[in-house]
1. To the nearest 0.05, what FRET efficiency results for A:Ser60 and A:Arg325 with a Förster distance of 22 Å applied to their C-beta separation?
2. Ignoring everything except DSSP H segments at least 4 long, calculate the 222 nm mean residue ellipticity for chain A; use -39,500 (n - 2.57) per segment, divide by total residues, nearest 500.
3. With an 8 Å Cα cut-off and a minimum separation of 6 or more residues, compute the relative contact order for region A:210-303 in percent.
4. How well do other chains shield peptide B:50-60, expressed as the mean number of their Cβ atoms within 10 Å of each residue Cβ?
5. Given axes a ≥ b ≥ c from the Cα gyration tensor, I'd like to know whether the protein assembly as shown is rounded (a/c under 1.5), prolate (a/b larger than b/c) or oblate.
6. Let me have the relative contact order for region A:278-427, percent, based on Cα pairs under 8 Å that are six or more residues apart.
7. Would you list A:Ile308, A:Ile290 from fewest to most Cβ contacts within 10 Å?
8. Output the relative contact order of region A:45-177, whole-number percent, from Cα pairs under 8 angstrom with separation of 6+ residues.
Amino acid sequence: MVSTRKQFDVLIVGGGPAGIAAAAAAAQSGKRVGIVDDNAAVGGQIWRGDTAQSDSEAASWLAKLHGWDVELCAGMRVFDQPTEGVLRAESTDRACELEYTKLILATGARERFLPFPGWTLQNVLGAGALQALVKSGLPISGKRVVLGGTGPLLLAVAAYLKNHGARVVGIYEQASRASLATFGLKLVGQKGKLGQAFSLRKELSGIPLITSAWPVAAKGDGAVRSVVMSRGGSHEEIACDYLACGFHLVPNTELASLIGCHLQNGFVHVDQFQGTSRPNVFCAGELTSIGGVELSLVEGQIAGLSAIGAKDSARDLFGARRKMRSFAEALDRAFALRPELKHLAPAETIVCRCEDVTYGQLTQHRSWRAAKLHTRCGMGPCQGRICGPATQFLLGWTLDSVRPPIFPVALQNLVEAHEQKEHTLVM
Amino acid sequence: MSEQIAVSVNGRPVTVAAGSSVAVAIMAAVASCRTSVSGQPRGPLCGMGICFECRAQIDGAAHQRSCQIACKAGMEIKTDG
């Protein structure tokens, strides 16, 4: 396995909207900028596949990087910061050491999964996940899809799937109609968002949106065949080929934690220049709060400008950021998880999918750490990324501190990197 | 994206649209990606390389996150499910 070393003035981890906007802002200085992302192409989740389409917003942002000293390191996953100023990453054919002067973290968010009976059946997956798979070639035309969980992502995915020929049977949203209405009112203050909301309404016409509804059980043999939803005090069973169920988003804070960035309420805490508590480390996008694409683009630009010392230009964007942050706060309130969701999982429901640990096994312990040591919950390859947010909500547990490697990594990529420095054994 | 490419999943030939991920090829073969600790067949959950439910062996390399890898003509994909 070949090991390489790259140097950047500004290194950006995460090639979604925030990362690309940060690169566009930082590159104008002529400094050497790098974006590292673990997908085959940049774009992150919401812009997945879009960068290849010349008329997309993603492509127009990427175009700003042309002609500047910017390197896109796609297919590369960061797993450690062995010393300040150096990240270690791996791809399928090599390990890489990435040196930086300034670092911008834009590692985005992932869906929150809450366990319920049958959630481990095949074709039960996240809402963003189903969209990602369709973007990656999954045929969906004519397939019956039920969406469940919570968040504006459900609406966006429903519209996308419908546009690709899926039979979207219904959207079962756990928030109440009143919560959504308040959120709708907040959209009035946000010009672009209102336009989006109206076009979404048109795209979604004909698809029932049922509020105050949540999954009771997915049924099937191997793969899901139907889902039972609770609505209005009774149960409804709906046949489906796919159950796309996600409960909003949680930030991917593992690298930020590893580096030592201070978190607040589970998000990376930043100052007005998107600076974290660590010197020379900035943060932008869903990592600071779940606020959507527009906020990510503004935060990314502020972070990029701050990283190159262009504070006055950064200040020019503070007003736009303030406006979009109020949207993020409205999002939070509208889609807060209701208490009934704490009772979705009876004792025999698997919570940790990597190690098949059930809810009943977990409730015998008082903390994440104790549960991990006794049941192996959180010790599997996802490192608690799936079961962690679930146990936080269900049991109020806070997760352990983060240790490297923050993703499972091939042993040869650990060993080689060490052998370059000293001839010590890796324990 | 109408060009089709041929791969094999557990020895069976599967055709997918060019650019499809390996996870999609596995789903097209109506196979599960892996079998869990307690024997459950599993497929992709997160679609973004975090949950590891989609992991499969690709051209001899084990534990590849199939949802993040594009199919190449002639790829040999093996699942344990």
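1. Working: r = 24 Å, r/R0 = 1.09.
The value I calculate is 0.40.
2. Working: 14 runs with 139 residues, N = 427.
So the calculated ellipticity at 222 nm is -9500 deg cm²/dmol.
3. On the way: 135 pairs, mean separation 14.9, N = 94.
The value is 16 percent.
4. Working: counts 12, 14, 10, 9, 3, 2, 0, 0, 1, 0, 0.
Mean shielding count: 5.
5. Values: a/c = 1.37, a/b = 1.15, b/c = 1.19.
Rounded.
6. On the way: 130 pairs, mean separation 19.2, N = 150.
Over region A:278-427, the number comes to 13 percent.
7. Working: A:Ile308 20, A:Ile290 23.
Fewest-to-most Cβ neighbours within 10 Å comes out as A:Ile308, A:Ile290.
8. Details: 127 pairs, mean separation 19.1, N = 133.
Here the relative contact order equals 14 percent.
Every number in this text was worked out from the coordinates using simple rules, so none of it is lab data. It should be emphasised that the depicted structure is a prediction, and the values quoted were computed from it without experimental measurement. We place every Cβ from the backbone using ideal geometry, glycine too, and count neighbours over all the protein chains shown.
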